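As structure tokens, the structure follows; a few thoughts come after it.
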Amino acid sequence: MGFTQIDFCGSLNYGDYEPFPALYPNGRRSVKAVTDKLHAAGILAGLHTLSFSVDKRCAWVKPVPDPRLAKERSYTLANDIGAGDVDLHVDEPTTGLPKYITYFIRRSMTVQIDDELIEYGVVNDTRPYGVGKCRRGACGTRPAPHAKGAKVHHLKECWGCFLPDGDSTLFGEVANRISTVINECGFDFTYLDGLDGAHVIGGEENRWHYGTKFAFEVYKRFTRPTMMEMATFHHHLWFVRSRLQAWDHAVRAHKKFIDIHCDSNEGCRRIFMPRHLGWSRVLAWVDSTHDVTFDDDVEYMWCKGLGTDSSYSLQIVTPDMYAKEPWLHQVAPLIKRYETLRQQKYFPEAVKAKLREPGAEFTLRQASDGEWEFLPRQYARHKVEAVDGVTNVWRFENRFGPQPAKLRIQALMAAGPYDAADNMVLADFQKPDEFNERGPTEIILNSGKTYSYEAAAPGLTGDIRPSLAPVKAGPVSGCWTAKNSGSSKRVRASAPGDRYSLFDHAERIYRPQQGSWLRIGKTFAAPLDLGKHQGMGVWIYGDGKGEVMNFQLGAQKPFEAHADHYVTVDFTGWRYFEFVEPESERFEDFSWPYGRCVYSQYRETLGFKNVEWLHLWYNHVPVRQKVTCYLSPVKALPLIKNTIRKPTVTVGGQTVMFPVEIESGCYLEFYGRDDCRLYGPKRELIRHVKPEGELPVLAAGDNAMTFGCDASFTRPRANVTVITQGETPLRR
């Protein structure tokens, strides 16, 4: 039996919005009818929660400014203004007013004069002080004239919602409205999303007070036992919360993210708090910034949930999506089966201990005697970026015994040619100071706190300068150097075994480490629209010393989003590289000073229409050595559909060929001569495929793998996953 869940943000907005319909008699019945319909359709059966999104903009109050709203500070109107004036002048300096707001800048661009709300567009922080480009009568209020000397109040806002004064009666009224919805609709669980923004009410030092106060105001009005969770954790919240550590879903590197989440949840176990392994999400093909959620990703997630006895919440699965994407009909019963076995406490502790081991993979099956059991599996994904004798040739370590090869071949997007005339040049290295950002970087975290990091770890120095030799493309190359003097000084950065905050949502606790990284940065004169050029291409002249490069595009607004692309310099001479998918799964392989909120790597996607900077990073610079490499101009390339024709896989001299064309977003799964299928972007079955040639057998231990396909006008790019299985089941 599933139960329904509702998310709320503890703030409010004014405007011409209808209050949430559940506050009305017909509304109550309509919400109940929706949930009953979902249960009747079987969509909720076995699902642990259903997220019922409620628009934060629902006012629940009349569109007249309430004097109990929280205010940042007040100014004095310098002159009379009419109802149509769009420039406001004040007596006091306005340097403290925000000039823009984002998810991380949790303030407003709204002022209140008498009963009118006014949204400004620009700040005049020199005389005459004031704001301009104003929209009068904002949020349903009426434009009106105002007299000189009137108070101009700057309102507090968080994520587009005004905040009540934390010591006013309005604070309790907002909480009461939320409790009313929960009571009237009969919800079993509520999640106070946005409670981590409580620092806006009274400052960071009072976050714990107002956040806890609001949760208690909601909780004490419940008329029936109701579970509760929220997006932060202060000591007093322990008394009213039912579980802990809900994180937003990942869109890349699903298994790595789940391992990190499980590790962070150890903090819950140590304080006897039930753990939450959601919010989770299942994805079909979206684009190159998202990873498909295959069945092994689903099993990995729910194996860890079963092994750690963690609940979950499934996001963004709607009735319409369920009806139009049949692959969900395959996933939903699988999730239901896992959750049923978890709630039944079907498996003993010895089995669960194996399931929760990081990296351990299993598949669930029902044995001939009717008992459920797990078989160990291994899914080893390798990215092929060209059939050039480099990335299409690799080694695979089979952890199990000899067995016929099983494969998944997923076609990825391809990049356009490097020399195309309409490519966008991101860096040409013709000016010595093109990459002139060497100072510290300050980042605002999800919690609203800030931290900063230096451009280089202690003992690291480097530069990039124009060079006339060697040159592969363009008039000059960029000669990129770095030196590691071997300083013993430590600096806070990521490392295996990082702890995770229970107080600040999805944030790591970095410890002092010896670093080997160095960054040089370039901010574009104006943000670039790379919507049609989401790939990158560059020629690299390597020195073979094993250092790691990271080509990182990023934007600061509205989220700290960036895309990392790694190159290990284990080669000498010129080699061409194309960058398409962000390589989130490799972030944990290195120590970095950034990325303290795990979302920046695993959840956020770069807005390619507003790219602000290009950072070039070195890492693993050898101690007491200098590295020197050369770069051709870095170009932004268009992404184009890739078709892989007649792919082949060779293992130990045995080659199997698949007579098929696989387009970007599609994939082929091969489990045997009579079990080979081609699937589409929505994981729909396109057709059965008859493989030709020998069926390769994988040896125990080391195997040489080679991927091939027919020639095409693009560099063929694919994820090739080798699948193996053990024969010793885990049973109760």
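Kindly indicate whether any position in the range 408-425 is under 30 Å from SER516 (Cα atoms), within 29 Å of the chain's Cα centre (by Cα) and not charged (D, E, K, R). Step through it out loud before you land on a result.
If we filter the range 408-425 for residues that are under 30 Å from SER516 (Cα atoms), which is where we start, we get 425.
Filter once more, so that each one left must be within 29 Å of the chain's Cα centre (by Cα): 425.
Among the residues that remain, those that are also not charged (D, E, K, R) are: 425.
Looking through the range 408-425, at least one residue is under 30 Å from SER516 (Cα atoms), within 29 Å of the chain's Cα centre (by Cα) and not charged (D, E, K, R).
The single condition from (1) modelled with pLDDT of 95 or more; (2) part of a strand (DSSP E or B); (3) within 27 Å of TRP617 (Cα to Cα) that PHE396 fails is (3). Looking at the structure I just gave you, is PRO458 over 19 Å from the mean Cα position of the chain (by Cα) and farther than 18 Å from PRO432 by Cα? In short, yes.
Out of curiosity, is GLU669 surrounded by 18 or more Cβ atoms within 10 Å (Cβ to Cβ) and either in a strand (DSSP E or B) or of a type in the set (A, V, I, L, M) (or both)?
So GLU669 passes the test.
Contact annotation: no residue pair with Cβ atoms under 6 Å, 6 or more positions apart or on different chains, pairs a residue in the range 120-136 that is closer than 14 Å to THR76 by Cβ with a partner that is of a type in the set (Ser, Thr, Tyr) and exposed (fewer than 13 other Cβ atoms within 10 Å of the Cβ).
For the range 501-527, name all the residues that are part of a strand (DSSP E or B), within 27 Å of THR481 (Cβ to Cβ) and either touching a strand residue (DSSP E or B) at 6+ places or on another chain (Cβ under 8 Å) or β-branched (Val, Ile, Thr) (or both). First the steps, then the outcome.
Just the residues of the range 501-527 that are part of a strand (DSSP E or B), to begin with: 507-509, 511-513, 518-527.
In the following step, the residues that additionally are within 27 Å of THR481 (Cβ to Cβ) were identified as 512-513, 518-525.
Passing the criteria: PRO512, GLN513, LEU518, ARG519, ILE520, GLY521, LYS522, THR523, PHE524.
Checking the range 272-292 against the condition returns no match, with no residue being over 25 Å from VAL181 (Cβ atoms) and assigned to a helix (DSSP H, G or I).
Scan the range 414-429 and give yes if some residue there is outside any loop (DSSP other than H, G, I, E, B) and touching a Cys at 6+ places or on another chain (Cβ under 7 Å), otherwise no.
no
Return a yes/no flag: does the range 204-227 have any residue that is closer than 20 Å to ASP498 by Cα and among the acidic types (Asp, Glu). The answer is no; no qualifying residue exists.
For the structure I just gave you, tell me whether TRP613 is in contact (Cβ under 8 Å) with a residue 24 or more places away in the chain, farther than 25 Å from ALA386 by Cα and part of a loop (DSSP other than H, G, I, E, B). No.
Residues that are touching a Pro at 6+ places or on another chain (Cβ under 9 Å), surrounded by 15 or more Cβ atoms within 10 Å (Cβ to Cβ) and not β-branched (Val, Ile, Thr): does the range 128-135 have at least one? Steps first, please.
Step one: of the range 128-135, the residues touching a Pro at 6+ places or on another chain (Cβ under 9 Å) are 129.
If we keep only those that are surrounded by 15 or more Cβ atoms within 10 Å (Cβ to Cβ) as well, we get 129.
After this cut, where a residue has to be not β-branched (Val, Ile, Thr) as well, the list is 129.
Taking every residue of the range 128-135 in turn, at least one turns out to be touching a Pro at 6+ places or on another chain (Cβ under 9 Å), surrounded by 15 or more Cβ atoms within 10 Å (Cβ to Cβ) and not β-branched (Val, Ile, Thr).
Among the residues of the range 303-318, some residue qualifies, meaning at least one is surrounded by 13 or more Cβ atoms within 10 Å (Cβ to Cβ), of a type in the set (D, E, K, R) and in a loop (DSSP other than H, G, I, E, B).
The set of residues from the range 696-724 being modelled with pLDDT of 95 or more and either out of contact with any strand residue (DSSP E or B) (no Cβ under 7 Å at 6 or more places or on another chain) or of a type in the set (A, V, I, L, M, F, W, C) (or both) comprises VAL697, LEU698, ALA699, ALA700, ALA704, MET705, PHE707, CYS709, ALA718, VAL720, VAL722, ILE723.
Keeping to the range 328-372, report how many residues are basic (Lys, Arg) and in a helix (DSSP H, G or I). Let's see the steps before the verdict.
Step one: of the range 328-372, the residues basic (Lys, Arg) are 336-337, 342, 345, 352, 354, 356, 365.
Next cut, in a helix (DSSP H, G or I) only: 336-337, 342, 352, 354.
Residues in the range 328-372 being basic (Lys, Arg) and in a helix (DSSP H, G or I): 5 in total.
Being farther than 30 Å from ASP463 by Cα, among the hydrophobic types (A, V, I, L, M, F, W, C) and either buried (at least 18 other Cβ atoms within 10 Å of the Cβ) or touching a residue at least 40 places away in the same chain (Cβ under 8 Å) (or both) is true of ILE640. Among the residues of the range 456-470, those identified as surrounded by fewer than 21 Cβ atoms within 10 Å (Cβ to Cβ) and in a loop (DSSP other than H, G, I, E, B) are PRO458, GLY459, LEU468, ALA469, PRO470.
A count restricted to the range 201-242 and to residues that are farther than 22 Å from PHE162 by Cα, part of a loop (DSSP other than H, G, I, E, B), of a type outside the set (Phe, Trp, Tyr) and within 27 Å of the chain's Cα centre (by Cα) stands at 3.
Rundown of residues vs (1) under 22 Å from the mean Cα position of the chain (by Cα); (2) within 21 Å of VAL476 (Cα to Cα), yes/no style:
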residue	(1), (2)
ASP504	yes, no
ARG508	yes, no
ILE520	no, yes
MET536	yes, yes
GLN556	yes, no
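The values are calculated or read from the model by the stated rules, or taken from the named source; none is laboratory data. These numbers were taken from a predicted model, which means no experiment stands behind them. Using ideal geometry, Cβ is built from the backbone for each residue, glycine included, and neighbour counts are taken over all protein chains shown.
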